[in-house]
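Remarks on the structure that follows.
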Amino acid sequence: MERLALQSVDVPDSGSLRADLHALLHNAVQTFARGRGQFVPRLIREAGHHPEITDLVATVVHTRRQAYRRVLALAIARGDLAPSVDQDLMIDLLIGPIWTRLLLTRDPLTGEYVDSVVDAVLTAFSVEEAALG
C-alpha cells in the first residue's frame, strides 16, 4: 500500500482533454480493478477500523487527484477549459462512478463505460467538441 501511495501517476498530455481524461480513467480502472491496486477497494471497506490505513488510502487518492488537476491545468493553459471551472467537482464526477462500481455495486468497468463517464462529464461542463481534439 505504501508503494502504491508513493507512486506517481503518469500525466498524459496528448493535446486533447478528452483523450487525457480517458487515459487517466482507464489507468485507474486498470490499476484498481485488475492491476496492482485491486486490493484497494477491499482495504477501503476495512479502513474505518484502522486509522493508519485511512491515511494511506488518503495519500493514494490525493496523488491520483493531483494527476487530474495537472491534466485540467494543461487544458486551461491550452484554452480548452475555462479557468473558472470547478476542478474538484469535475474530478469528483469523473472518479465517482468508477469508485461506486468498485466499492458498492461491483458492476463491470468496461472501456465503454469509462468512455461514457468522460463524455458525460465533458458535456455537463459544456466543453466544446472542437476544443477536445
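The values are calculated or read from the model by the stated rules, or taken from the named source; none is laboratory data. For clarity, every value in this text was computed on a predicted model and none was experimentally measured. Virtual Cβ from ideal backbone geometry, glycine too; neighbours counted across all protein chains shown. Please note that ligands, DNA and RNA were not included when accessible areas were found on the heavy atoms of the full protein model with its side chains. Shrake-Rupley method; radii C 1.70, N 1.55, O 1.52, S 1.80 Å.
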Quick check on residue 54: is it modelled with pLDDT of 90 or more and either out of contact with any Asp or Glu (no Cβ under 8 Å at 6 or more places or on another chain) or not basic (Lys, Arg) (or both)?
no
Could you say whether any residue in segment 94-110 is open to solvent by less than 70 Å² (accessible area, probe 1.4 Å), among the hydrophobic types (A, V, I, L, M, F, W, C), over 17 Å from residue 25 (Cβ atoms) and free of Cβ contacts under 8 Å to residues at least 40 places away in the same chain?
no
Only residues in segment 27-48 that are closer than 21 Å to residue 115 by Cβ count as the first member; pair them with residues that are charged (D, E, K, R), Cβ under 8 angstrom, at least 6 apart or cross-chain, and list the lot.
27/10; 28/64
Tell me yes or no: at least one residue of segment 118-127 is open to solvent by 40 Å² or more (accessible area, probe 1.4 Å) and outside any helix (DSSP H, G or I).
yes
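Of all residues being of a type in the set (S, T, N, Q), closer than 26 Å to residue 121 by Cβ and in a helix (DSSP H, G or I) in segment 30-73, which is most open to solvent (accessible area, probe 1.4 Å)? Just the residue, please. Lay out the reasoning, then the answer.
Just the residues of segment 30-73 that are of a type in the set (S, T, N, Q), to begin with: 30-31, 38, 54, 59, 63, 66.
Pick out the ones that are also closer than 26 Å to residue 121 by Cβ and you get 30-31, 38, 59, 63, 66.
Next, from what is left, pick out any that are in a helix (DSSP H, G or I): 30-31, 59, 63, 66.
Working: 30: 97, 31: 4, 59: 57, 63: 33, 66: 58 Å².
Applying the filter and picking the extreme gives 30.
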Kindly indicate the residue of segment 74-87 that is assigned to a helix (DSSP H, G or I), surrounded by 12 or more Cβ atoms within 10 Å (Cβ to Cβ) and out of contact with any Leu (no Cβ under 6 Å at 6 or more places or on another chain) and also modelled with the lowest pLDDT among those meeting that condition.
78
